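Worksheet: one structure, shown below.
Any read-out appearing in this document is the output of simple, stated calculations on the displayed coordinates, not a laboratory observation. These numbers come from a predicted model, not from an experiment. Heads up, the Cβs are rebuilt from the backbone with ideal geometry, glycines too, and the neighbour counts pull from every protein chain shown.
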Amino acid sequence: MNSQPSQKAFVPFVSVENMMRLVHHIGIETLLVELCAFVEEDFKRWESFDKVPRIASHSKEGVIELMPTSDGDIYGFKYVNGHPKNTKEGLQTVTGFGVLADVATGYPVLLTEMTLLTALRTAATSAMATRHLAPRGADTLAMIGNGAQSEFQALALKAICGVKTVRLYDIDAKATEKTMRNLQGQGLNMVACHSAQEAVQGAQIITTCTADKQYATILTDNMVGAGVHINAIGGDCPGKTELHKDILLRSDTFVEYPPQTRIEGEIQQMAADYPVTELWKVITGQAKGRTGERQITLFDSVGFAIEDFSALRYVYSRIKNTTYFENLDMLADPDDPRDLFGMLQRAK
């Protein structure tokens, strides 16, 4: 009998090292543009996906979540956590990994890190929403919250939406210094600000991305003028917000999946009948996005499994015939599929 497993027993695995190599091989801005296209392609076929709010396990330290979906041919899920206190111990707030599988056989076809990939897909999704909702010619971004996501957001909005100036603010000045340093030489005009109020001055796009798991008011109503687009991307769990509810009363709000966003997003502050528009409907032309110069548009982004599916699908397509993965012997592969025990015995 053949003692060697077949190729189906091996699952391509993209490590953090190989993900970084892949990003540098493609170029981060090119990758963000390509990834954005994959996300938009899947938003255009939104109705073909299984959809369920992410499965969350909450603790006083943070949250651990599973985010599954399938288009009927491919199944994907992401494991992800959110632990804001981790940074005080030198750890990441968010880590993740993901799997793609063939629905017909149930066999996994990809295992990959998703800490870096989540940052990339979140930025690509924000830029996709901004391209559809921001005022025409918007080129100045206020980036409030300068943590691990900030550089990805800035570069995605530059590459996909034409942002030229980024006005930065964080309650931790060292975070702003870090972001300024990392974005040097990237073709952006960067301005360090001393308050959120200062950061939003002259910005047509405002992105909030803070980590604390609590009700917060990063933006107050008086700080938001007419004609801006807001990406509120920090919200990702019950009990955490970034915007004063009066901003939502003045905004047209766009969401990924309402049953999840009403639990986790900015709109958890609002009544159950607060009107929202699903972003996929704007992208497919079934609903209107920006309709006027003075309109305030809000993308209440909490992250949804279809975006991770798109990112997994993108990586799977990009690693073929490369050295940016390794094969893991993950799946038992006995010569006779009914004789798993015999395979074990023969391994003595």
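By how many nm would the segment from residue 171 to residue 15 lengthen if fully extended, with 0.36 nm per residue of separation less the alpha-carbon distance?
52.9 nm
Using the C-alpha atoms of region 1-158, what convex hull volume per residue, in cubic angstrom, is computed?
Here the figure is 169 Å³ per residue.
Would you calculate the convex hull of the Cα atoms in region 93-138 and tell me its volume per residue in Å³?
107
Report, in deg cm²/dmol and to the nearest 500, the calculated mean residue ellipticity at 222 nm for the chain, where each DSSP H run with n ≥ 4 adds -39500 (n - 2.57) and the sum is divided by the residue count.
So the helix-based figure for the chain works out to -9500 deg cm²/dmol.
Measure nothing fancy, just the Cα-based angle from helix 150-161's long axis to the longest principal axis of the chain, in degrees from 0 to 90, nearest 10.
80
Once you put a point 7 Å from the Cα of residue 286 and another 7 Å from the Cα of residue 336, both along the Cβ direction, what distance in nm separates them?
Result: 5.2 nm between the two label points.
Report, by chain and number, residues whose modeled amide H sits under 5 Å from the one on residue 328, excluding near sequence neighbours (fewer than 5 apart, same chain).
11, 13
Build a GNM of the chain with springs between Cα atoms under 10 Å: which of 301, 195, 150 gets the top mean-square fluctuation?
It is 195.
So the label point goes 7 Å from the Cα of residue 7 along Cα→C-beta, right? Which residues of region 105-121 then have their backbone N under 20 Å from it?
Under 20 Å, as judged by backbone N against the label point of residue 7, lie 105-112 of region 105-121.
Go ahead and collect, in residue order, the members of region 276-295 whose backbone nitrogen is under 19 Å from a label point 7 Å along the Cα-Cβ direction of residue 51.
In region 276-295, the label zone of residue 51 (backbone N under 19 Å from the point 7 Å along Cα→Cβ) covers 276-290.
Region 125-202: which trypsin sites (Lys or Arg not before Pro) are DSSP loop and have at most 16 other beta-carbon atoms within 10 angstrom?
Here the sparse-neighbourhood loop sites are 136, 164.
Considering just Cα atoms, how many Å³ per residue does the convex hull of the chain enclose?
151
Beyond 28 Å, what percent of the Cα pairs of region 123-303 remain?
Roughly 15 percent, once rounded to a whole number.
Per Stokes-Einstein, at 10 °C and 1.306 mPa s, what whole-number D in µm² s⁻¹ belongs to region 205-298, with the Kirkwood radius over Cα pairs as the hydrodynamic radius?
Rounded, D is 118 µm²/s.
Return the single residue from 275, 238, 108 with maximal mean-square fluctuation; model: Gaussian network over the chain, springs between Cα atoms under 10 Å.
275
Taking the chain as the reference, fit the longest principal axis to its C-alpha atoms, fit the long axis of helix 115-133 to the helix C-alpha atoms, and give the angle between the two in degrees, 0 to 90, nearest 10.
Compared with the principal axis, the helix lies near 50 degrees.
Using the Cα gyration tensor of region 19-63, with a ≥ b ≥ c the square roots of its eigenvalues, what is the shape: rounded (a/c below 1.5), prolate (a/b larger than b/c) or oblate (neither)?
Oblate, since a/c reaches 1.5 and b/c is not below a/b.
Can you work out the Karplus-derived ³J(HN,Hα) for every residue in region 29-39? Use 6.51 cos²θ - 1.76 cosθ + 1.60 with θ = phi - 60°, whole Hz, and x for glycine or proline.
So the Karplus estimates, Gly and Pro as x, are 6, 4, 4, 4, 5, 5, 5, 4, 5, 5, 4 Hz.
Sorting 102, 333, 42 on the 10 Å Cβ count, fewest up front, what's the list?
Ordered from fewest to most neighbouring Cβ atoms within 10 Å, 102, 333, 42 come out as 102, 333, 42.
Could you check how many percent of all C-alpha pairs in region 1-82 are farther apart than 23 Å?
Above the 23 Å cut-off, region 1-82 has 51 percent of its Cα pairs.
In a Debye calculation with equal point scatterers on the alpha-carbon sites of region 123-202 and no solvent, what is log10 I(q)/I(0) at q = 0.16 Å⁻¹?
These q points yield log10 I(q)/I(0) values of -0.52.
If each residue of separation counts as 0.36 nm, what is the full-extension length gain between residue 58 and residue 329 once their alpha-carbon separation is subtracted?
Stretched fully, the residue 58-residue 329 segment lengthens by 94.3 nm.
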